[in-house]
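See below for the structure under consideration.
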Amino acid sequence: GAGVSQSPSNKVTEKGKDVELRCDPISGHTALYWYRQSLGQGLEFLIYFQGNSAPDKSGLPSDRFSAERTGGSVSTLTIQRTQQEDSAVYLCASSPSVGTIYEQYFGPGTRLTVT
Amino acid sequence: AQSVTQLDSQVPVFEEAPVELRCNYSSSVSVYLFWYVQYPNQGLQLLLKYLSGSTLVKGINGFEAEFNKSQTSFHLRKPSVHISDTAEYFCAVSNQAGTALIFGKGTTLSVSS
(Lines give C-alpha, C1' and ligand atoms only; values in the text may rest on other atoms or scores of the structure.)
Protein backbone atom coordinates (compact mmCIF):
# COMPACT_ATOMS: atom_id res chain seq x y z
CA GLY A 1 0.00 0.00 0.00
CA ALA A 2 0.93 3.67 -0.08
CA GLY A 3 0.57 4.44 3.62
CA VAL A 4 3.09 5.53 6.22
CA SER A 5 5.44 2.70 7.11
CA GLN A 6 7.65 2.31 10.15
CA SER A 7 10.43 -0.08 11.01
CA PRO A 8 11.08 -2.08 12.98
CA SER A 9 7.61 -2.93 14.23
CA ASN A 10 9.07 -4.12 17.52
CA LYS A 11 12.40 -3.36 19.16
CA VAL A 12 13.74 -4.71 22.41
CA THR A 13 16.91 -3.12 23.69
CA GLU A 14 18.95 -3.05 26.85
CA LYS A 15 19.08 0.01 29.04
CA GLY A 16 21.91 2.27 27.97
CA LYS A 17 21.96 1.23 24.31
CA ASP A 18 21.16 3.54 21.41
CA VAL A 19 18.23 2.82 19.08
CA GLU A 20 17.13 4.13 15.70
CA LEU A 21 13.52 4.11 14.55
CA ARG A 22 12.64 4.67 10.92
CA CYS A 23 9.66 6.30 9.26
CA ASP A 24 8.78 6.27 5.58
CA PRO A 25 6.07 8.85 4.92
CA ILE A 26 3.52 8.78 2.15
CA SER A 27 5.23 9.64 -1.12
CA GLY A 28 5.12 13.38 -1.78
CA HIS A 29 4.20 14.35 1.77
CA THR A 30 6.48 17.12 2.93
CA ALA A 31 5.22 17.37 6.53
CA LEU A 32 6.22 14.64 8.97
CA TYR A 33 5.42 14.21 12.66
CA TRP A 34 6.66 11.95 15.44
CA TYR A 35 4.55 11.07 18.48
CA ARG A 36 4.99 8.74 21.43
CA GLN A 37 2.29 6.66 23.09
CA SER A 38 3.06 5.39 26.56
CA LEU A 39 0.97 4.07 29.42
CA GLY A 40 1.92 6.86 31.76
CA GLN A 41 1.80 9.84 29.43
CA GLY A 42 -0.71 8.93 26.73
CA LEU A 43 -0.10 10.28 23.23
CA GLU A 44 2.55 13.01 23.07
CA PHE A 45 3.93 15.03 20.22
CA LEU A 46 7.69 14.84 19.79
CA ILE A 47 8.83 16.68 16.66
CA TYR A 48 7.59 18.13 13.38
CA PHE A 49 9.46 18.28 10.08
CA GLN A 50 8.72 20.41 7.08
CA GLY A 51 10.96 19.08 4.37
CA ASN A 52 14.31 18.37 5.96
CA SER A 53 14.05 21.04 8.64
CA ALA A 54 12.44 20.70 12.04
CA PRO A 55 10.80 23.99 13.01
CA ASP A 56 9.06 22.43 16.01
CA LYS A 57 11.10 20.22 18.33
CA SER A 58 9.20 21.28 21.42
CA GLY A 59 8.05 17.78 22.34
CA LEU A 60 11.43 16.06 22.53
CA PRO A 61 11.67 15.00 26.20
CA SER A 62 15.44 15.22 26.60
CA ASP A 63 18.67 15.73 24.69
CA ARG A 64 18.94 11.95 24.37
CA PHE A 65 16.26 12.20 21.68
CA SER A 66 17.06 13.47 18.21
CA ALA A 67 15.59 13.11 14.76
CA GLU A 68 16.61 13.83 11.24
CA ARG A 69 15.04 13.72 7.84
CA THR A 70 16.91 13.30 4.59
CA GLY A 71 15.82 13.98 1.03
CA GLY A 72 12.52 15.28 2.30
CA SER A 73 11.42 11.70 2.79
CA VAL A 74 12.67 9.14 5.30
CA SER A 75 13.02 10.19 8.91
CA THR A 76 14.98 8.55 11.70
CA LEU A 77 14.30 9.06 15.40
CA THR A 78 17.33 8.25 17.53
CA ILE A 79 17.26 7.63 21.25
CA GLN A 80 20.65 7.54 22.92
CA ARG A 81 21.42 5.77 26.19
CA THR A 82 17.89 4.37 26.41
CA GLN A 83 16.11 4.31 29.76
CA GLN A 84 13.20 2.16 30.86
CA GLU A 85 10.88 5.14 30.75
CA ASP A 86 11.55 5.35 27.01
CA SER A 87 9.49 2.18 26.55
CA ALA A 88 6.53 3.20 24.40
CA VAL A 89 5.02 2.97 20.96
CA TYR A 90 6.58 5.56 18.66
CA LEU A 91 4.21 6.76 15.96
CA CYS A 92 5.05 8.60 12.79
CA ALA A 93 2.58 10.55 10.67
CA SER A 94 2.76 12.56 7.49
CA SER A 95 0.63 15.13 5.70
CA PRO A 96 0.84 16.68 2.25
CA SER A 97 2.44 20.03 3.06
CA VAL A 98 2.75 22.80 5.60
CA GLY A 99 -0.55 23.70 7.18
CA THR A 100 -2.21 20.38 6.34
CA ILE A 101 -2.20 18.77 9.76
CA TYR A 102 -5.86 17.98 9.16
CA GLU A 103 -4.74 15.50 6.50
CA GLN A 104 -2.38 13.64 8.80
CA TYR A 105 -1.97 9.89 8.29
CA PHE A 106 -0.44 7.71 10.96
CA GLY A 107 1.85 4.74 10.58
CA PRO A 108 1.47 1.51 12.56
CA GLY A 109 4.13 2.47 15.09
CA THR A 110 7.28 0.93 16.52
CA ARG A 111 6.93 -0.69 19.92
CA LEU A 112 10.11 -0.05 21.90
CA THR A 113 10.82 -2.06 25.01
CA VAL A 114 13.82 -1.14 27.14
CA THR A 115 14.89 -3.90 29.52
CA ALA B 1 -1.55 26.57 24.98
CA GLN B 2 -4.15 24.12 23.85
CA SER B 3 -5.27 21.18 25.98
CA VAL B 4 -7.82 18.40 25.74
CA THR B 5 -9.80 16.73 28.49
CA GLN B 6 -11.65 13.50 27.93
CA LEU B 7 -14.07 13.35 30.79
CA ASP B 8 -14.49 9.58 30.99
CA SER B 9 -11.60 7.14 31.02
CA GLN B 10 -13.89 4.13 30.56
CA VAL B 11 -17.39 3.81 29.15
CA PRO B 12 -19.10 0.40 29.32
CA VAL B 13 -22.27 -0.01 27.25
CA PHE B 14 -24.46 -2.78 25.95
CA GLU B 15 -24.72 -3.59 22.28
CA GLU B 16 -27.25 -1.47 20.36
CA ALA B 17 -27.32 1.20 23.09
CA PRO B 18 -26.43 4.82 22.28
CA VAL B 19 -23.14 6.21 23.48
CA GLU B 20 -21.55 9.61 24.01
CA LEU B 21 -17.85 10.11 24.63
CA ARG B 22 -17.14 13.53 26.05
CA CYS B 23 -14.33 15.85 25.09
CA ASN B 24 -13.58 19.40 26.19
CA TYR B 25 -10.74 21.52 24.87
CA SER B 26 -9.14 24.79 25.77
CA SER B 27 -7.82 27.17 23.19
CA SER B 28 -7.73 30.89 22.72
CA VAL B 29 -7.67 30.58 18.95
CA SER B 30 -9.57 28.70 16.29
CA VAL B 31 -8.40 25.14 16.05
CA TYR B 32 -9.10 21.93 14.26
CA LEU B 33 -10.70 19.13 16.28
CA PHE B 34 -10.41 15.39 15.72
CA TRP B 35 -11.55 12.04 16.99
CA TYR B 36 -9.34 9.01 16.44
CA VAL B 37 -10.01 5.35 17.20
CA GLN B 38 -7.45 2.72 18.10
CA TYR B 39 -8.55 -0.90 17.97
CA PRO B 40 -6.59 -3.41 20.05
CA ASN B 41 -3.04 -3.80 18.76
CA GLN B 42 -3.70 -1.52 15.82
CA GLY B 43 -2.72 1.99 14.77
CA LEU B 44 -4.65 5.24 14.97
CA GLN B 45 -7.53 5.68 12.56
CA LEU B 46 -9.27 8.99 11.95
CA LEU B 47 -12.99 8.86 12.76
CA LEU B 48 -13.89 12.44 11.95
CA LYS B 49 -12.64 16.00 12.06
CA TYR B 50 -14.00 19.51 12.43
CA LEU B 51 -12.28 22.23 10.45
CA SER B 52 -14.99 24.85 9.98
CA GLY B 53 -18.58 25.25 8.85
CA SER B 54 -21.36 23.00 10.06
CA THR B 55 -20.98 22.16 13.71
CA LEU B 56 -22.29 18.61 13.25
CA VAL B 57 -19.65 16.40 11.74
CA LYS B 58 -20.31 12.91 10.46
CA GLY B 59 -17.57 10.33 10.37
CA ILE B 60 -16.97 6.70 9.59
CA ASN B 61 -18.74 3.73 11.18
CA GLY B 62 -21.85 5.76 12.05
CA PHE B 63 -20.12 8.14 14.45
CA GLU B 64 -20.80 11.86 14.62
CA ALA B 65 -19.61 14.74 16.75
CA GLU B 66 -20.87 18.19 17.50
CA PHE B 67 -18.62 21.20 17.86
CA ASN B 68 -19.88 23.59 20.53
CA LYS B 69 -17.77 26.71 20.65
CA SER B 70 -19.47 28.28 23.66
CA GLN B 71 -18.96 25.14 25.74
CA THR B 72 -15.60 24.33 24.13
CA SER B 73 -16.76 20.76 23.61
CA PHE B 74 -16.55 18.21 20.84
CA HIS B 75 -18.50 15.19 22.06
CA LEU B 76 -18.61 11.99 20.01
CA ARG B 77 -21.87 10.10 19.62
CA LYS B 78 -23.24 6.95 18.07
CA PRO B 79 -26.94 6.06 18.23
CA SER B 80 -26.41 2.29 18.35
CA VAL B 81 -23.08 0.64 19.09
CA HIS B 82 -21.78 -2.75 18.03
CA ILE B 83 -19.42 -5.15 19.72
CA SER B 84 -16.88 -4.21 17.07
CA ASP B 85 -16.83 -0.60 18.34
CA THR B 86 -14.88 -1.74 21.38
CA ALA B 87 -11.71 0.32 21.22
CA GLU B 88 -9.81 3.28 22.63
CA TYR B 89 -11.04 6.67 21.43
CA PHE B 90 -8.90 9.79 21.41
CA CYS B 91 -9.98 13.39 21.07
CA ALA B 92 -7.36 15.78 19.70
CA VAL B 93 -6.88 19.44 18.87
CA SER B 94 -4.30 21.02 16.61
CA ASN B 95 -1.86 23.44 18.14
CA GLN B 96 -1.91 27.05 17.06
CA ALA B 97 1.05 26.65 14.73
CA GLY B 98 -0.51 23.65 13.05
CA THR B 99 2.57 21.54 13.72
CA ALA B 100 1.19 19.06 16.22
CA LEU B 101 -1.91 17.37 17.54
CA ILE B 102 -2.58 17.52 21.27
CA PHE B 103 -4.38 14.42 22.43
CA GLY B 104 -6.63 13.67 25.35
CA LYS B 105 -5.85 10.71 27.59
CA GLY B 106 -8.32 8.51 25.77
CA THR B 107 -11.64 6.81 26.55
CA THR B 108 -11.96 3.06 26.51
CA LEU B 109 -15.30 2.06 25.05
CA SER B 110 -16.32 -1.48 25.99
CA VAL B 111 -19.39 -2.87 24.25
CA SER B 112 -20.87 -6.08 25.60
CA SER B 113 -23.81 -8.23 24.57
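The values are calculated or read from the model by the stated rules, or taken from the named source; none is laboratory data. Please read all numbers here as calculations on a predicted model, not as lab measurements. Note that each Cβ is placed from the backbone with ideal geometry, even for glycine, and that neighbours are counted across all protein chains shown. We work out accessible area using only protein heavy atoms, side chains counted, and drop any ligands, DNA or RNA first. Shrake-Rupley method; radii C 1.70, N 1.55, O 1.52, S 1.80 Å.
Considering only strands (runs of 3 or more DSSP E) fully contained in the stretch A:6-115, which possess at least 1 residues that are within 10 Å of the chain's Cα centre (by Cα) and modelled with pLDDT of 95 or more?
Passing ranges, in order: A:19-24, A:31-38, A:42-50, A:65-69, A:75-79, A:88-95, A:110-114.
Whether any residue in the stretch A:29-36 is within 30 Å of B:Ser3 (Cβ to Cβ), of a type in the set (Lys, Arg) and touching an Asp or Glu at 6+ places or on another chain (Cβ under 6 Å) is what I want to check.
Yes; the residues of the stretch A:29-36 include at least one that is within 30 Å of B:Ser3 (Cβ to Cβ), of a type in the set (Lys, Arg) and touching an Asp or Glu at 6+ places or on another chain (Cβ under 6 Å).
Restricting attention to the stretch B:55-113, report how many residues are in a loop (DSSP other than H, G, I, E, B), under 12 Å from the mean Cα position of the chain (by Cα) and more than 14 Å from chain A (Cβ to nearest Cβ).
If we filter the stretch B:55-113 for residues that are in a loop (DSSP other than H, G, I, E, B), which is where we start, we get B:55, B:59, B:63, B:69-72, B:79-82, B:86, B:95-100, B:104-106, B:113.
From what's left, under 12 Å from the mean Cα position of the chain (by Cα): B:59, B:63, B:104-106.
After this cut, where a residue has to be more than 14 Å from chain A (Cβ to nearest Cβ) as well, the list is B:63.
Counting residues in the stretch B:55-113 that are in a loop (DSSP other than H, G, I, E, B), under 12 Å from the mean Cα position of the chain (by Cα) and more than 14 Å from chain A (Cβ to nearest Cβ) gives 1.
If the Cβ limit is 7 Å and pairs must be 6+ apart or interchain, which residue in the stretch B:1-27 that is within 22 Å of A:Leu43 (Cα to Cα) and part of a strand (DSSP E or B) pairs with which residue that is open to solvent by 70 Å² or more (accessible area, probe 1.4 Å) and hydrophobic (A, V, I, L, M, F, W, C)?
So the pair list comes out as B:Asn24/B:Leu7.
When the stretch A:7-34 is examined, which residues are found to be open to solvent by less than 20 Å² (accessible area, probe 1.4 Å) and touching a residue at least 60 places away in the same chain (Cβ under 8 Å)?
Those that are open to solvent by less than 20 Å² (accessible area, probe 1.4 Å) and touching a residue at least 60 places away in the same chain (Cβ under 8 Å): A:Thr13, A:Val19, A:Leu21, A:Cys23, A:Pro25, A:Ala31, A:Leu32, A:Tyr33.
Restricting to the stretch B:4-16, name every residue that is farther than 16 Å from B:Arg77 by Cβ and within 14 Å of the chain's Cα centre (by Cα).
Residues satisfying the conditions are B:Val4, B:Thr5, B:Ser9, B:Gln10.
Quick check on the stretch A:68-102: of everything there that is among the acidic types (Asp, Glu) and open to solvent by 60 Å² or more (accessible area, probe 1.4 Å), which residue is farthest from A:Gly42 (Cα to Cα)?
Going through the stretch A:68-102, the residues among the acidic types (Asp, Glu) turn out to be A:68, A:85-86.
If we keep only those that are open to solvent by 60 Å² or more (accessible area, probe 1.4 Å) too, we end up with A:68, A:85.
Details: A:Glu68: 24, A:Glu85: 13 Å.
Filtering first and then ranking leaves A:Glu68.
Answer yes or no: is there a residue in the stretch B:92-101 that is out of contact with any helix residue (DSSP H, G or I) (no Cβ under 9 Å at 6 or more places or on another chain) and open to solvent by less than 30 Å² (accessible area, probe 1.4 Å).
Yes, that holds for at least one residue.
Could you pull out the residue among B:Tyr36, B:Tyr32 that is within 13 Å of chain A (Cβ to nearest Cβ) and modelled with pLDDT under 95?
Criteria check complete, one pass: B:Tyr32.
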